[in-house]
Amino acid sequence: MGEIELDALAPWMGRTETKEDVLTQGLIDKFRATLDPHLWDGAGGVPLGIHWCIALDTVPAAALSEDGHAARGGFLPPVPLPARMWAGGDVTHIAPLKIGETITRRSSIRNIVAKQGRSGPLVFVTVEHEYLSGNRLCIREQQSIVYREISTPRTGESAPDAGDPTTLRLTLTPDPVLLFRYSALTFNAHRIHYDRIYATETEAYSGLVVHGPLQATLLLNLAADALKTSPYRFSFRGLAPLTLPCELQLHNEETGTSGTVWCQDQKGLRSFSAEYAAV
């Protein structure tokens, strides 16, 4: 990524966007039908992670790119690299969302950075989201999106504690139905999650890709179950793609009011990790 190309993205720095939605019982029921029994049951009726399903972009079909994402150059900058993925983020829980209230998502572009990765150029875009329920600020999130060339994704390394029963908390076997339902909940048309031919032949994955936000939601709820309260801070990052078929193992290594949670497959390959704390 050259300096001139970064200069071309400079007008997107500081760009803002505001979306509104109503948190309905119907959405919560669909969320629970998709992810129960893996949700923490102490969230006061509003499960953790549902904010990723609220106040979404509703891009018309004619305005989508081949990959299913919105065409470049709207709110997000037109980065000239073909593959886009969630890289990670940092969530702060300030107050609970409430059923029936209008949820406002205020978003702004905070940073655009170019780096050189092992597979070629990378561009990281940092977006800050604020979620308000009524007039109360409830969630603040820094989200990192990475753009890259299409190449065979790295697979990570086996964890030394693969299969360690002292940190393993639960397992599940994700399937195409789960991925389809989560894509529907988040209005996410990225084809790597439901179109196997596209995922393998165009974006070079070994199979359908398990969503980053889906893994983050499972880890967030696992952390809350350990703390018996919503984590005040939840900082997460993607490590490697998790593709079907696989067994998804959720691990937690806790130390009182904080800890580390992560996802790995049956071979011990870590795909997602997060640090959490009660305060």
Evaluate E = 1/(1 + (r/R0)^6) for S151 and I197, where r is the Cβ-Cβ distance and R0 equals 25 Å; express this FRET efficiency to the nearest 0.05.
-> 0.85
At 1.567 mPa s and 4 °C, Stokes diffusion of the chain via Kirkwood alpha-carbon radius, µm² per second = 67
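Tell me, what is the per residue accessible area of the chain in Å², probe radius 1.4 Å?
With the other protein chains kept in place, the chain gives 46 Å² per residue.
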Residue by residue through the stretch 136-148, the couplings from Karplus 6.51 cos²θ - 1.76 cosθ + 1.60 with θ = phi - 60°, in Hz, x for Gly and Pro, are 9, 6, 10, 9, 10, 9, 9, 10, 10, 10, 10, 10, 8
Taking only protein heavy atoms and a 1.4 Å probe, the highest-to-lowest accessible-area order of E66, E253, E130 is E66, E253, E130
Pick out, from L227, V209, V279, the residue whose Cα sits farthest towards the positive end of the charge dipole of the stretch 198-279, with +1 on the Cβ of Lys and Arg and -1 on the Cβ of Asp and Glu.
-> V279
Rounded to the nearest 20 debye, dipole of the stretch 6-277 from Cβ charges on Lys, Arg, Asp, Glu | 440
Quick one: if the Förster radius is 22 Å, what FRET efficiency do R15 and R140 give, using the C-beta to C-beta distance and rounding to 0.05?
-> 0.75
Please give the FRET efficiency for L170 paired with D7, using the beta carbon to beta carbon distance and R0 = 35 Å, rounded to the nearest 0.05.
-> 0.15
Keeping the other protein chains in place, figure out the carbon and sulfur percent of the accessible area of the chain, with a 1.4 Å probe.
-> 53
Roll a 1.4 Å probe over the protein heavy atoms and report the accessible area of R148 in Å², nearest 10.
-> 30
Distant-in-sequence amide H partners of G259 (H built 1.01 Å from N, under 5 Å) | Y276
In Å³ per residue, the alpha-carbon convex hull of the stretch 73-198 encloses 184
Most fluctuating of A62, A216, A83 in the GNM of the chain (C-alpha, under 10 Å) is A62
Counting Lys and Arg as +1 and Asp and Glu as -1, each charge on the Cβ, what is the dipole of the stretch 4-120 about the Cα centre in debye, to the nearest 20?
-> 240
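The values are calculated or read from the model by the stated rules, or taken from the named source; none is laboratory data. Please read these numbers as outputs of a predicted model, since none were measured by experiment. Neighbour counts run over all protein chains shown; Cβ positions are idealised from the backbone, glycine included. Heavy atoms of the whole protein, side chains included, go into the accessibility calculation; ligands, DNA and RNA do not. Shrake-Rupley method; radii C 1.70, N 1.55, O 1.52, S 1.80 Å.
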